[in-house]
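Have a look at the structure below, then the notes.
The values are calculated or read from the model by the stated rules, or taken from the named source; none is laboratory data. Computed from a prediction, not measured in an experiment: that's the story for all the values here. Note that we place each Cβ from the backbone using ideal geometry, even for glycine, and neighbour counts take in every protein chain shown. Heavy atoms of the whole protein, side chains included, go into the accessibility calculation; ligands, DNA and RNA do not. Shrake-Rupley method; radii C 1.70, N 1.55, O 1.52, S 1.80 Å.
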Amino acid sequence: MIFRNSKIFISKKYTNFQGLGRFLSQKYDPTINLFGREYPTDEWTNINQSIQNKLQRNLLHQRYHPLNHLANKIKHFFYKTYINRNGNPLFTIFDNFNPVVSVEQNFDSLLTPKDHVSRSKKDCFYVNKDYLLRAHTTAHDNELIRSGLNCFLTFGDVYRRDEIDSKHYPVFHQCDGVRLFDKNELFKDERLEMDIFEKNVSNLIRTFEKQKNYTLDASKIVEYDLKNTLTKLVQFIFGNNNKLNMKWVSANFPFTHPSWELEIEYKGNWYEVLGCGILEQDILINAGAKNHIAWAFGLGLERWAMILNDIPDIRVFWSTDDGFLSQFKYEDPTHTKIIKYKVSYP
């Protein structure tokens, strides 16, 4: 989920217009091979060799890597906590989708306006005018909802032209979560005269508490379920048997309303750790789930791993330094040991 404000970042090496012009006019071969498929290049192509090399690193699946540990810990929480009536995990988890997605997947399916700044070549890595490296794991939500899934998590590497510094890197990793409810799932007691959708014309208005077509009752129940789920997740990851101080802050995001950020106090400092909200109804309609209401959240794995392990610079996640990686050699997904290390940037 794109839980951030839309900004354009230009790398420090292109801070003058002459350098930027050379960068944007870079020449490419007639085709580019990504994951065994040949894509024609055109005036939109802007994936450099450095980014292509990152596609093969697959940090999320690198055993003992701190991002692998964190992803496994999040998966462990959802598998352990949310079980369906048959005793199987409620949430389906995906972590191996191809990061090359269509413009339709990355933008159109999520109702991003054609002239929105987030589509810019300065903000995304384009394969050509029709394909790009996903800018968010939300790019897969439409196809997953359309397939009939009501509860799922998506992990993956995402690509944006962010300015490189201790907190930003053009490749990072996200976890995106979605849960849908129909009327029977939301209002388990059939005797209750409640509905997801407003029938009173006078209540068909968008307020700070709900979207136009949803009832306030439905919105509040989904809000409670969302916040309860994420409060338990964050407590599990960061709590280490100590109750965390948390606070919910109202926010504005492109694909949810109402929306919130969750902040936690950890080791004496306050951190914003995720964004979430009630998924815009038009996105559900676009995915063939018009009779549902849903929540969604998004979080950055690097940010969580940096907070948990006192890692000061995002660039170290790409290090091949054995001295750094060897400190994460443990098997227990609930492991909470704080890592101490010295490492140079890759």
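Overall, the accessible surface of the stretch 39-127 at a probe of 1.4 angstrom is composed of carbon and sulfur to the extent of 47 percent. For the chain, the share of alpha carbon pairs falling in successive 10 Å distance bins from zero is 5, 23, 32, 25, 12, 3, 0 percent. With contacts taken as Cα pairs under 8 Å at a separation of at least 6 residues, the chain carries a relative contact order of 19 percent. Taking the Cα centre of the stretch 83-171 as reference, the dipole from Cβ charges on Lys and Arg (+1) and Asp and Glu (-1) amounts to some 80 debye. Given Asn203, Gln174, Phe155, which one lies farthest toward the positive end of the charge dipole of the stretch 138-275, if we put +1 on the Cβ of every Lys and Arg and -1 on the Cβ of every Asp and Glu? Among Asn203, Gln174, Phe155, the one farthest towards the positive end of the dipole of the stretch 138-275 is Asn203. What you get for the stretch 198-344, charging only the Cβ of Lys and Arg (+1) and of Asp and Glu (-1), is a dipole of about 220 debye around the Cα centre.
Binning the alpha carbon pair distances of the stretch 104-154 at 5 angstrom intervals from zero yields the distribution 4, 19, 28, 24, 12, 10, 3, 0, expressed in whole percent. Accessible surface calculations at 1.4 Å, restricted to protein heavy atoms, place the chain at 49 Å² per residue. With R₀ fixed at 25 Å, the C-beta to C-beta distance from Glu193 to Ser250 puts the FRET efficiency at about 0.25. If only the Cβ of Lys and Arg carry +1 and only the Cβ of Asp and Glu carry -1, the dipole of the chain around its Cα centre is close to 720 debye.
Would you work out which of Gln62, Ile83, Cys276 lies farthest towards the positive end of the dipole of the chain, given +1 charges on the beta-carbon of Lys and Arg and -1 on that of Asp and Glu, about the Cα centre? Farthest along the dipole direction, towards plus: Gln62. Stretching Lys129 away from Asp313 to a fully extended chain increases their span by 62.9 nm, per 0.36 nm per residue minus the current alpha-carbon distance.
Compared with the alpha-carbon gap, the fully stretched path from Asn240 to Glu209 is longer by 7.8 nm at 0.36 nm per residue. Using the Cβ of Arg179 as centre and a radius below 11 Å, the other residues enclosed give a net charge of -2, where K and R count +1 and D and E count -1. When the chain is described by a simple charge dipole with +1 on each Lys and Arg Cβ and -1 on each Asp and Glu Cβ, the residue from Asn98, His292, Ser109 located farthest towards its positive end is Asn98. For the stretch 178-283, the equivalent ellipsoid derived from the Cα gyration tensor has semi-axes of 30, 16, 10 Å, listed largest first.
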